[in-house]
């Protein structure tokens, strides 16, 4: 069982910065590009260490993707990073036609994702990016849960040959996964075992899922918690094995229900193992301004709503 009582907090974007720096130390093919947000996406360490491999494109995300594609065609491994709303939504056509269609080795790194951007408001709260990216052929989609996992996911992205969309955030969140645990693309991680309900969580909602499981266990309900950090390719084998055991599931994500992790889990179960599923996520609406904590509670993306969803799923068995 994970220790969820004695934890420190770190932002996942800093995990990206640390992972990029570590990957680049052993690979001079890695380049970093950003669109006037070097410090915000934690590329300042890379810039200081490898100035000849750092490219500042200015506020020109579409151009940045084009440059990254050119670097990939010349054998480099470009990591292009900006805020999620700008590097996924604003430049979707460039990603679709230049990167995904051509199956280029470009890493698209999206910071400030989800509603936990907070006070920046709805225009900056990108809650549809996982759906946009997972619909693209050839695209791998990663959504790690804490600093350590984001660092390892960044290293794994560098070692993967092909397009990757890597999502991370701004706020400090609990850092609870092992520091040295390698990230395996396409593999879900069973964090807690249980037989009554499966909680599939991703990104910032993995820790609240663990908190929910702890509280449920005190009431005699044993939840299995699975971290779906790879949205695509989906680990269908682990999903099916867990739901065969528990008979029902809850999905939890900081994203729209349409197109997100829960959507793809439900598609898997509908095709291979129909079962009751309750979904925790944004329900067909935009975000609002507030602190990350206020918004997670307001939109029903917290521990208490995961607990409620688990009870509903169990009652439907």
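The values are calculated or read from the model by the stated rules, or taken from the named source; none is laboratory data. The structure displayed is predicted, hence computed values, not measured ones. Every residue, glycine as well, gets a Cβ built from its backbone with ideal geometry; the counts of neighbours run over all protein chains shown.
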Would you mention how many residues in segment 53-63 are under 11 Å from residue 87 (Cα atoms) and in contact with a helix residue (DSSP H, G or I) (Cβ under 8 Å, 6 or more places away or on another chain)?
2
Odd one out for residue 124, checked against (1) in a loop (DSSP other than H, G, I, E, B); (2) out of contact with any helix residue (DSSP H, G or I) (no Cβ under 6 Å at 6 or more places or on another chain); (3) at pLDDT below 95
(2)
Filtered residue count, segment 284-304, keeping only those that are within 30 Å of residue 244 (Cβ to Cβ) and either in contact (Cβ under 8 Å) with a residue 40 or more places away in the chain or out of contact with any strand residue (DSSP E or B) (no Cβ under 8 Å at 6 or more places or on another chain) (or both):
4
Does residue 118 count as touching a residue at least 24 places away in the same chain (Cβ under 8 Å), out of contact with any strand residue (DSSP E or B) (no Cβ under 8 Å at 6 or more places or on another chain) and outside any loop (DSSP other than H, G, I, E, B)?
yes
Which numbered condition residue 238 misses (of (1) surrounded by 19 or more Cβ atoms within 10 Å (Cβ to Cβ); (2) assigned to a helix (DSSP H, G or I); (3) in contact with a strand residue (DSSP E or B) (Cβ under 7 Å, 6 or more places away or on another chain)):
(1)
Residue identified as more than 23 Å from residue 70 (Cα to Cα) and in contact (Cβ under 8 Å) with a residue 24 or more places away in the chain among 108, 127, 95:
127
Given the criteria surrounded by fewer than 18 Cβ atoms within 10 Å (Cβ to Cβ) and not in a loop (DSSP other than H, G, I, E, B), does residue 151 qualify?
no
